[in-house]
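The values are calculated or read from the model by the stated rules, or taken from the named source; none is laboratory data. Since this is a predicted model, take the numbers as computed values, not measurements. All Cβ positions, glycine included, derive from the backbone under ideal geometry; neighbour counts span all protein chains shown. The protein model used for the area step is the full one, side chains on, heavy atoms only, and it has no ligands, DNA or RNA in it. Shrake-Rupley method; radii C 1.70, N 1.55, O 1.52, S 1.80 Å.
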Amino acid sequence: MAAEILLTVNGEPRRIAAGSSIADLVAQIGLDPKKVAVEHNAEIAPRSTLADVPLSDGDVLEIVHFVGGG
């Protein structure tokens, strides 16, 4: 079994494979990385860096996705 880390995502515990990036997490949740805003440990993560930011055990993320409509 691959090593996992424990995160808090939008107030809920979530496990993900060790070595994953924020972009990996967003994809695992089923969201489009181009349509989300992510706060990582109380700091906004620029969308252009989501694939470059590794996650660590205990990280806290808030993910907001944008939806269209009128």
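Give, rounded to the nearest 20 debye, the magnitude of the charge dipole that the chain has about its Cα centre when Lys and Arg contribute +1 at Cβ and Asp and Glu contribute -1 at Cβ.
240
Return the label of the correct value of Cα extents along the principal axes in Å, as calculated from the structure shown, out of (i) 47, 20, 20; (ii) 28, 21, 18; (iii) 45, 19, 19.
Correct label is (iii).
For a label point 7 Å from the Cα of Glu62 along Cα→C-beta, name the residues of the stretch 1-44 whose backbone N is under 17 Å from it.
Within reach of a label on Glu62: 8-13, 36-44.
Out of the total accessible area of the chain (probe 1.4 Å, heavy atoms of protein only), what percent is carbon and sulfur?
For the chain, the apolar C and S fraction of the accessible surface comes to 53 percent.
Accessible area of Asp24, 1.4 Å probe, to the nearest 10 Å²?
80
In percent, what relative contact order does the chain have, based on Cα pairs under 8 Å that are 6 or more apart in sequence?
It comes to 39 percent, rounded to a whole number.
Ordering Ser21, Ser56, Ser48 from largest to smallest accessible area (1.4 angstrom probe), what's the sequence?
Descending accessible area places them as Ser48, Ser56, Ser21.
Measuring with a 1.4 Å probe in the full set of protein chains, what accessible area per residue, in whole Å², belongs to the chain?
65
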